[in-house]
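Before we start, here is the structure in question, set down as structure tokens.
Every number here is computed from the coordinates shown, using simple stated rules; none is lab data. Model, not experiment: these values are computed from the prediction.
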Amino acid sequence: MSHSDIENSKLKALAEQLITELDGRETLSKEDTLALAKLELIIESKLFQQDAEENPEEYLIERFQERLYNFEREYPSLSSFIRRISNSLSNIGI
């Protein structure tokens with residue numbers, strides 16, 4: 001078993017322990033909630049980084065769509081304009 005396989009096995013075991021612990025709790029303290037939110041950000045960051053390395057084009061598209069969604073929420077009157085630009089760019093292969 002390679003070092004990477006061992007590390008992956010440890011990570012999987014820790015994740016399973018965390019899932020078991022969380023399933024057994026009815027409520028979370030404020031500190032637990034903050035720690036889990038931080039963990040969520042770290043996990044998302046690692047997954048985004050992995051996606052970006054494995055599939056850079058798909059990663060860029062997902063990031064663009066996420067930012068477009070956030071922009072639509074902040075500036076609803078401009079969302080149709082941005083959608084038209086995005087569709088036009090997509091139609092010409094950009």
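May I have the convex hull volume per residue, in Å³, for the Cα set of the chain?
146
Compute the helix-to-body angle for 3-23: its Cα long axis versus the longest principal axis of the chain, expressed 0 to 90° and rounded to tens.
Once rounded, one gets 90 degrees.
Using Cα positions and a limit of under 24 Å, work out the lysines in reach of residue 46, with same-chain residues fewer than 8 apart set aside.
Excluding near neighbours in sequence, the set is 10, 12, 38.
To the nearest 500 deg cm²/dmol, what mean residue ellipticity at 222 nm is calculated for the chain from DSSP H runs of n ≥ 4 alone, each contributing -39,500 (n - 2.57), summed and divided by the residues? Don't skip to the end; give the middle numbers.
Numbers: 4 runs with 78 residues, N = 94.
Value at 222 nm, helices only, nearest 500: -28500 deg cm²/dmol.
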